[in-house]
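The values are calculated or read from the model by the stated rules, or taken from the named source; none is laboratory data. Note that this is a predicted model, so its numbers are computed, not measured. Counting neighbours? That spans all protein chains shown, and the Cβs are built from the backbone with ideal geometry, glycine included. Quick note on the areas: whole protein, heavy atoms, side chains included, nothing else; ligands and nucleic acids left out. Shrake-Rupley method; radii C 1.70, N 1.55, O 1.52, S 1.80 Å.
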Amino acid sequence: QVQLVESGGGLVQPGGSLRLSCTASGFTFSSSDMSWYRQAPGKERELVAIITTGGSTNYAGSVKGRFTISRDNARNTVYLQMNSLKAEDTAVYYCNAKRFQAPLFRQLYDYWGQGTQVTVSS
């Protein structure tokens, strides 16, 4: 049974910090690219950050310099450290796992967690 379980969301004031965690099971975590997405009310889901199997990272421009994605393969966990939070960061944050098959980069799966609410408000 595939599971991606997010935790760490909550209510924080502008300028504050939160650390999200996503713990995976039921698939080979170390072979998966891991991402965080978010969806605000009335908005499309957007990619926030990605970390590949090799440890390369990319970020949305709106969070660059404030958020850091990391992974611990021994714990099957991906993290999102969020600093200097803004009201615009308010959203449900989702953990995502994708795997691609060599040599033609066919996508083998695309798994999603249930999401964790982050609310940035004074």
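If Lys and Arg each add +1 and Asp and Glu each add -1, what is the summed charge of the other residues whose beta carbon sits under 11 Å from the beta carbon of VAL63? Present the calculation step by step, with values, prior to reporting the outcome.
Working: positive: ARG38, LYS64, ARG66, LYS86; negative: GLU46, GLU88, ASP89.
Once all neighbours under 11 Å are counted, the net charge is +1.
Starting from one equal scatterer on each C-alpha and no solvent at all, send me the Debye-based log10 I(q)/I(0) for the range 72-112 at q = 0.30 Å⁻¹, two decimals.
-1.06
Please calculate how many Å² of accessible area the range 10-84 carries per residue, with a 1.4 Å probe and no DNA, RNA or ligand atoms counted.
Values: 3730 Å² over 75 residues.
In whole numbers, the range 10-84 has 50 Å² accessible per residue.
For the chain, with equal point scatterers placed on the C-alpha atoms only and solvent neglected, what are the log10 I(q)/I(0) values from the Debye formula at q = 0.12, 0.15, 0.18, 0.20 1/Å, to two decimals?
Debye curve over Cα of the chain, log10 I(q)/I(0) at q = 0.12, 0.15, 0.18, 0.20 Å⁻¹: -0.41, -0.63, -0.89, -1.08.
Over the chain, what percent of the accessible surface lies on carbon and sulfur atoms, probe 1.4 Å?
Values: 3040 of 6580 Å².
The C+S portion of the solvent-accessible surface of the chain is 46 percent.
Please report the relative contact order for the range 17-77, taking Cα pairs under 8 Å with a sequence separation of at least 6, and give it as a percent rounded to a whole number. Before the final figure, lay out each step's value.
Working: 69 pairs, mean separation 19.7, N = 61.
Taking the mean separation of contacting Cα pairs over the length of the range 17-77, I get 32 percent.
Among VAL48, VAL63, VAL78, which one moves the most in a GNM of the chain with springs linking Cα atoms closer than 10 Å?
VAL63
Please give me, ordered by residue number, the GluC sites (Glu not before Pro) of the range 1-72 that lie in loop per DSSP and have at most 15 other Cβ atoms within 10 Å. Walk me through the numbers before you get to the answer.
Numbers: sites: GLU6, GLU44, GLU46; in loops: GLU44.
Here the sparse-neighbourhood loop sites are GLU44.
Using only C-alpha atoms and all pairs of different ones, pull out the Kirkwood radius for the range 15-63 in Å with one decimal. The partial results should precede the final answer.
On the way: mean 1/r = 0.0789 Å⁻¹.
The answer is 12.7 Å.
By the scheme Lys and Arg +1, Asp and Glu -1, what is the net charge of all other residues having a beta-carbon under 12 Å from that of GLY115? It would help to have the intermediate numbers written out before the result.
Details: positive: ARG38, ARG45; negative: GLU6.
Surrounding charge for GLY115 is +1.
Where a Cα-Cα gap under 17 Å defines reach, which aspartates and glutamates qualify for LYS64, not counting those fewer than 8 residues away within the same chain?
List returned: GLU46, GLU88, ASP89.
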